[in-house]
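Data first, discussion second: the structure below is written as structure tokens.
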Amino acid sequence: MARNRAADFAQRREIIIENAVRLFATAGFLGVSVADLAKACKTSKSLIYHYFDSKEDILFEAMDSHVRTLWDAASGIIAMDVSPDHKLRTLTHAMMHLYAGAASRHKVLVNELYHLPRARREVIIGRQSRLVQAVADIFSLLQPEFRSKPELAKPAAMVYFGMINWTHTWYDPAGPASTDAVADLVVDMVLNGVRGAQLGPRRP
């Protein structure tokens with residue numbers, strides 16, 4: 001008969017993930033061994049392997065849980081019956097707060113993705129693509145020209161994420177600019193840029 005999992009199994013896995021994320025964010029995935037992780041968790045390597053089959057499994061769980069958290073927040077906002085302006089602003093505030101509250105996880109997601117096996121990497125990329133498409137759909141509502149040029153809506157959404165995905169490299173939540181102030185700045189810049197975008201051919 002298979003042994004029942006301990007009542008705190010999920011909690012212990014999460015402790016391992018949190019310690020791993022902190023180490024990966026500081027030293028990189030390749031710079032951290034299972035022995036390093038065991039030391040940070042004040043446990044043994046064998047116990048780490050009791051909860052995860054490999055270091056790659058820990059990396060995947062850290063990334064997947066982070067991206068699922070982002071999508072859970074985004075999907076609720078996307079479903080709101082409000083103007084596209086309001087959706088974009090609410091979404092940006094939510095993303096910025098999640099990024100600021102999980103800076104190490106986001107750093108690992110951005111920097112360490114290609115250390116995952118291809119199949120698992122594609123799972124993460126697929127989840128990210130849903131977020132990008134959701135923003136592209138909002139942009140198509142903000143700028144009607146995107147409807148006739150849908151091939152440009154996704155690049156515009158990628159530019160938006162380029163503005164916020166790297167805030168972990170410079171933004172200090174304890175600094176003089178609040179998370180909400182930065183989110184509003186991003187939205188104002190994006191709204192003015194998207195609405196003012198000329199998607200037709202340019203004359204020299």
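The values are calculated or read from the model by the stated rules, or taken from the named source; none is laboratory data. Remember, predicted model here, so these are calculated numbers, not experimental data. All Cβ positions, even for glycine, are placed from backbone atoms using ideal geometry, and neighbour counts span all protein chains on display. Heads up: the accessible areas ignore ligands, DNA and RNA and are worked out on the full protein's heavy atoms, side chains in. Shrake-Rupley method; radii C 1.70, N 1.55, O 1.52, S 1.80 Å.
For R127 and Y171, calculate 0.36 nm times their separation in residues minus their Cα-Cα distance, and state this gained length in nm to one decimal.
Numbers: separation 44, 0.36 × 44 = 15.84 nm, distance 2.46 nm.
Stretched out fully, the R127 to Y171 stretch lengthens by 13.4 nm.
Going by Cα centres, the range 151-195 and the range 29-89 are how many Å apart?
A separation of 22 Å, based on Cα centres.
What is the percent carbon and sulfur in the accessible area of the chain, measuring with a 1.4 Å probe over the protein chains and ignoring ligands?
Summing carbon and sulfur atoms, their accessible area is 55 percent of the total for the chain.
Restricting to Cα pairs below 8 Å that are 6+ residues apart, what does the relative contact order work out to for the chain? Please round to a whole percent.
22 percent
Calculate the dipole size of the range 1-119 relative to its Cα centre from +1 charges on Lys and Arg beta carbons and -1 charges on Asp and Glu beta carbons; express the result in debye to the nearest 20.
Roughly 320 debye, rounded to the nearest 20.
Where in the chain are the DSSP H helices whose C-alpha atoms run 20 Å or more along the long axis and whose mean Kyte hydropathy is at least -0.5?
Working: long enough: 9-27 (27 Å, 0.32); 55-78 (34 Å, 0.11); 84-101 (25 Å, -0.41); 118-142 (35 Å, 0.29); 150-164 (22 Å, 0.81); 179-196 (26 Å, 0.78).
TM-like helix candidates: 9-27, 55-78, 84-101, 118-142, 150-164, 179-196.
Pulled fully out, how much extra length does the chain show between F161 and D184, if you take 0.36 nm times their separation in residues and subtract their Cα-Cα distance?
Full extension of this stretch gives 6.8 nm more.
Among A102, L141, L23, whose Cα lies farthest out toward the positive end of the dipole of the chain, if unit charges sit on the beta carbon of Lys, Arg (+1) and Asp, Glu (-1)?
Going by the charge dipole, the pick is L23.
Shape verdict for the range 82-204, please, from the Cα gyration tensor: rounded (a/c under 1.5), prolate (a/b greater than b/c) or oblate.
Since a/c reaches 1.5 but b/c is at least a/b, the shape of the range 82-204 is classed as oblate.
Which value in deg cm²/dmol, rounded to the nearest 500, describes the helix-derived mean residue ellipticity at 222 nm for the chain, given -39,500 (n - 2.57) per DSSP H run of n ≥ 4 and division by the residue count?
Taking each H run of at least 4 residues, the total per residue is -23500 deg cm²/dmol.
Could you do me a favour and compute the accessible area per residue for the range 1-147, 1.4 Å probe, result in Å²?
Normalised by residue count, the accessible surface of the range 1-147 is 53 Å².
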